[in-house]
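The block underneath contains the structure these notes are about, expressed in structure tokens.
The values are calculated or read from the model by the stated rules, or taken from the named source; none is laboratory data. What you are looking at is a predicted structure, and each value in this text was computed from that prediction instead of being measured. FYI the Cβ positions are ideal-geometry reconstructions off the backbone, even for glycines, and counts take in every protein chain you see. Keep in mind that these areas ignore ligands, DNA and RNA; they rest on the heavy atoms of the full protein, side chains included. Shrake-Rupley method; radii C 1.70, N 1.55, O 1.52, S 1.80 Å.
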Amino acid sequence: MKLGAGDYAHVVLQQGGIVPKGTRVEVFRQIFTVFLALGTLVGVVVVGYMVYNAYKYRDGDGRGDDPDAPRLGELPTGGGGGRKLFLSFGLSTIIVVSLIAWTYGTLLYVEENPPGEEGETTNIEVVGFRFGWEFVYPNGHSASTLRVPENETIRLSVTSDDVFHTFGVPDLRVKTDAIPGQTTDTWLRADETGTYEARCFELCGAGHSYMTAEVVVMEPDEYEAWYANTSGPNGNSNSSSAGDAPDGSSALGAPTGAPSVPAAASSLEVVA
Amino acid sequence: MTRVKLYTAIYVVLFAFATAQVLVEQSGGLPYWTAFWAIIALSFVKALMVAWYYQHLKWEPRSVTFTMFVGLLAALALTTAAAYSIL
Amino acid sequence: MTDENTKADGGVADATHGADHHHDLPDPGHVKRWLVTTNHKDIGVLYTITALFFLVFGGVLALLMRLQLWTPGVSLLEPLQYNQAVSAHGLLMIFWFLSPFAFGFANYVVPLQIGAKDLAFPRLNALSYWLYLFSGILMGVSFFQGGTFSGGWTMYAPLNLPVYTPNIGASTAVLALTMFTASVTVGSVNFLTTMHRMRAEGLTLRRMPLFTWTILLTTWMMLFAFAALLAALMILSADRLLGTTYFSATGHAGSLLWAHLFWFFGHPEVYIVFFPALGVMAECFQTFTGRRLVGRKWFIAAMVLVALQSFLVWMHHMFLTSINLQIKTLFMATTIGISLPFDLMVFALIYTTVKGKVRFTTPFLFSFGALMLFILGGITGVFLGAVVLDYEFRGTYWVVAHFHYVMVGGVTALVGGLYYWYPKMTGKMYDEFLGKVHFALYFVGFNLLYFPMFVAWETPRRDFVYPEVFVGWHQVATVGGFVLGASFLVMFYNLFVSLWRGEEADDNPWQYSTTTEWAIPSPPPLENFPGKPTFRDGSLKFLPGAGSRTGGTGGSVADGGEFTVEEATDGGASVSQAADTHAADEPESHASIWPFAIGVASFVLLFGLSGLQNASFPSGIEGGFYAALTVGGLVGGLAALVAMATEEFHALTGPFGESWPFEGVENTKLGVWIFLASDVVLFGAFVGSYAFIRVAEGWTNWHHLIPEAHVPLPGLINTYILLTSSFTVVLALVAAEKGSRWGLVGSLATTFVLGMAFLVNKALEWLHLFHVHTEAFPQGWNIGTNIASSTFYLTTGLHGLHVIAGLIVTLYLLVRAWNGAYLDDDRPVEYFGLYWHFVDIVWLFLFPLFYIL
């Protein structure tokens, strides 16, 4: 029943033009803007009305005593005004439900139908560890910097080697939990080349605040060239250092008990 | 005295059901999931009999039964929804 | 009513409390009074003061964090210290401040509003308080055991395990929270029994005052939600102290299991802390606008709906985990569904002001401010309900800002409640001007503190490194934090000084207040009412007669038969005279030292247990210290429990009029049943954890984790034993009903022997499994061997503990039955039977789950 309705909504919402689509950045911006505008409007109206009433009906403006005023010891009963109450309630329900229904279309799009043609996508594994990130490419190449081509949908499979982390790249509006023993899937797509920051969003220990990684968005050609030069974990030692020299972000060191994870050193520059 | 007879009869039934649960598994005649639900169902029947007669829920206001039922429902909601979420 | 009149009825003009001299209770001036009191008003005061202490504790930690955030990066606190501050701030504020602060009022006001002289189980009420206080002290102690817990208040797994948070203090914090949970469970049982069973005549559930309504729903939610938390914390404690592997291994989604258990509790907890605040708002809005609440019955219906639905929204805290899309959709729908009733409540409050006579007193200002803040918190919450936005807000200051607007918005209303009931609780008026200054500073400080967090929402939560562009906003927030903190100094000064210099407060200092607490002196005398409160004729009256003081100097009360509230308020003399008369029959008891003793013993026991790791104490002096504490706490606690059980104590029995829907279920019986309902959830959560883990492992991919030696036979034998013992408990009750002393003794003795046989059989089975030597399990099958052994030993072990507790009670009953007890009153045997059959029922499920399937 639930799913049936969901499928129906799926069809309707996906075909209509009102569902925000595009990169995660665009989707977020559109929805957030609408929510912010409506939220501010509702907030101002409701709080304004509240203050207006409280001021208007303040005591001491010479109105006489209400003969029906509450008396000490009476059994609690309700006041009148039920119709107005339900009108406002109905209105707020319509606003909230329609807003959420509207974004549900985008949720389905984001979850099931990300942009980009079939087969084009690259799948990169992301492994969180205390306190850094490891990115494993389809060819087995592993690095501490995430390099992706511009304008291509990259699928990420995220997990963790030790505790619960959350992988996020704020500027690309991508985020998902990194849970030991579980894999979560998400995707990202960048419109512009440049360097972004990925970081951890779930408290994971002493180095949590420094648990970052670079995300480099490259020109597709440049990316292809770089990628062709990488090889599996046992290949070119320059491009896949398995040394345990910690990068800057894990300078605090992992306290006892944390598994040591190869923090791929920044030897990538050699290749790039 | 009839109460005591009733209690005794229930005791015998409970005893038999517990044995039946083990026999269902040991015989190996049923497919796993059929046996699973049979055994769980037997547990529920036993529990209901204890609660209904030994704990006197039968003779208490229904509100007491309802309270326990709400607790059971909360536990079942947690169990099923959590298990379903990772399927 | 004049000052002299108030004083006339037995020294109530004392700044703290009524001191009637014909009781076992020392004067309020004595420290001993506060250690032994079981009176709900005293305990309410204790709760309020203690909660305010923890507000300061948690607040100071928050200010340390704000100072750290003045600039991004390490400055004041080391990273782990910062994490401890973050975690302890959250834990202290949510558990040790917010709920107990509300329960200070609940203790004081609810019995007054429903017309009860005390709670159903006064000593359990004192026990709740002492467990609360000592759990808080234990939390404080944890800072000195190498540092407290540093994994956030959500305590996500597996960061919450000793591998990652190795301090003993972290274990202590978990145990402190467990103790707090016990306090809450005891309190919930007590309040639910009281509120259902002991309402004045005519005060049906539908007609209860709104504050009482919110507390009723809060305690129902507490009963079930905290049982789930108790399960989570017990499992966590076992992982930390005994070496079970629930949350550590990765194969079976231990991380997710914690998230499910925690948030199943955690979301109802949001309403648990917010509902009392809503109740205060409703009371203050009605009193200070002089209007009755618009749409009152819909307001109540909305709250009932929220209370039920609060157990079906928890996964919206887990939208970014690996849960599937279907369940996300379902929980998105329930989440939106639960936000709508709040819209109705907000509008109801707003419309109540229309055509009113709004008086901007301090309590109203705080309630009004709270509603504004809650509206902002609610609107920003809708953003989080949109899953696509939630994906981005997760782990950022948007969440931080949102829940502070909601939760601290709730605190705002509760502070209003403190001003509202301060005259009732102390008999003095606070300084109105300083109260308004407090509100102004508070409101400005609050918004300076939390609003910039919305603007700087891209700051990662619990980080002290954040983008440079937000430095300005964070500095504004820090300034706001100090303004907010300073505003409380004004409040403390005001309330403290007013205790001595404040004007005497009337019975009813607020025009248009309606509820019963305002119809009696400020502060109320020990017995609360001048007669038996009733609403039979549609409004409050105090009847002389059963349950009240009769005879003696009678005065107008005895002559007139009854008098109305108007008389009482106008002619205070009649009230004082009534209250001054002496009790005709046995008075209720108000003092017992044993709750305090149990609190101390529990503290010692858990402090001792905190030293455990992998089921053994550290070697040397330190280990000896912890072991000694454990043994001492255990022995002392048992002794105190027995002493409390044998102590003579007269509690109220009720009913006094309204007991729907539990008419005919005596107080203690109802208490036992309500406790068992929470135990259902406790075991349900254990079984649910087991089911979840097996589903994660693949349900049928399980038997390789279990040695061949683990066969159904010992379990089947124990099933037979337990079923038989249930039957003998039934026979014991039959014997008691027939007045057969030796039948009773014989049945109880048989029960005891069967229970022991159960334990011995279990011990033999466990020893055998510990020492199996097979290819798969060369080291035996121990508690930490794998997840199957962990779930088996822990779940059946918890059941075993229930059996042991039952056997201790059996022994107690047996000794008393031997001496001839229970033949004229068999209720203790019956109530013990309820518990014992429940333990039996649990086994009926554990047996197939852990032995057959």
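Tabulated data
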read-out: Cα gyration tensor shape for the protein assembly as shown, rounded if a/c is under 1.5, else prolate or oblate; value: oblate
read-out: Between region C:198-214 and region C:823-845, the alpha-carbon center distance in angstrom; value: 31
read-out: Cut-off under 5 Å, modelled amide H: who pairs with A:T166 long-range; value: A:A178, A:F201, A:E202
read-out: Where A meets C: accessible area buried, both sides, 1.4 Å probe, Å²; value: 8500
read-out: Two-site label geometry, B:F69 and C:T71: point separation in nm, points 7 Å out along Cα→Cβ; value: 6.5
read-out: Per-residue SASA entry for C:M93, accessible area with 1.4 Å probe, Å² rounded to 10; value: 40
read-out: Solvent-accessible surface ranking, highest first, for C:H316, C:H703, C:H799 at 1.4 angstrom; value: C:H703, C:H316, C:H799
read-out: C:D506 accessible area, 1.4 Å probe, all protein chains in place, Å² to nearest 10; value: 70
read-out: Convex hull volume per residue in cubic angstrom - Cα atoms of region C:63-198; value: 112
read-out: Percent antiparallel among DSSP beta bridges (both partners in the protein assembly as shown, rounded to 5); value: 70
read-out: Accessible area (Å², per residue) of the protein assembly as shown, counting only protein heavy atoms and a probe of 1.4 Å; value: 35
read-out: Size of charge dipole - chain C - debye, nearest 20, with Cβ of Lys, Arg +1 and Asp, Glu -1, no other charges; value: 1440
read-out: Net charge dipole size for the protein assembly as shown [Lys, Arg +1 and Asp, Glu -1 on Cβ; Debye, nearest 20]; value: 2040
read-out: Percent accessible area from carbon and sulfur atoms, chain B, protein chains only, probe 1.4 Å; value: 78
read-out: Cross-link reach list, lysines versus B:K58, counting only Cα pairs under 23 Å and skipping chain neighbours closer than eight places; value: B:K5, B:K46, C:K669, C:K738
read-out: Gain upon complete extension [C:V631, C:T653; 0.36 nm per residue less C-alpha separation]; value: 4.3 nm
read-out: Region C:721-817: GluC sites (Glu not before Pro) in DSSP coil with no more than 13 other Cβ atoms inside 10 Å; value: C:E775
read-out: Cα gyration tensor shape for region C:139-188, rounded if a/c is under 1.5, else prolate or oblate; value: oblate
read-out: Three-way shape label, region C:31-501, alpha-carbon gyration tensor, a/c 1.5; value: rounded
read-out: Interatomic Cα distance distribution for region C:355-443, bins of 10 angstrom, percent; value: 17, 37, 25, 15, 6, 0
read-out: Protein accessible surface hidden between B and C, which excludes ligands and nucleic acids, total in Å², probe 1.4 Å; value: 4700
read-out: Computed [θ] at 222 nm, deg cm²/dmol, the protein assembly as shown (DSSP H ≥ 4; -39,500 (n - 2.57); rounded to nearest 500); value: -20500 deg cm²/dmol
read-out: Per-selection Kirkwood Rh - region B:1-55 (Cα, Å, 1 d.p.); value: 12.1
read-out: Nearby lysines by direct alpha-carbon distance to C:K541 (threshold 19 angstrom, same-chain neighbours under 8 apart not counted); value: C:K117, C:K532
read-out: Radius, Kirkwood style, for chain C when every pair of distinct Cα atoms is counted (Å); value: 28.5
read-out: Heavy-atom accessible area ranking, 1.4 Å probe, most first, across A:E219, A:E152; value: A:E219, A:E152
read-out: Where N is the number of residues in region C:270-328, Cα Rg divided by 2.2 N^0.38 Å; value: 1.58
read-out: Carbon/sulfur fraction of accessible area - region C:709-852, other protein chains in place, 1.4 Å, %; value: 70
read-out: Hull shadow area, averaged, region C:360-507 [alpha-carbon convex hull, nm²]; value: 9.4
read-out: Karplus-derived HN-Hα couplings along region C:142-148 (A = 6.51, B = -1.76, C = 1.60, θ = phi - 60°), whole Hz, x at Gly and Pro; value: 4, 5, 9, 10, x, x, 7
read-out: Normalised contact order of region C:709-852, rounded percent, pairs of Cα under 8 Å and 6 or more residues apart; value: 34
read-out: Relative contact order (%) - criterion: Cα under 8 Å, at least six apart; region: chain C; value: 17
read-out: In Å², nearest 10: area of A:E112 left accessible to a 1.4 Å probe; value: 110
read-out: Over 26 Å between alpha carbons, listed pairs C:K41/C:K428; C:K297/C:K357; C:K297/C:K436; value: C:K297/C:K436
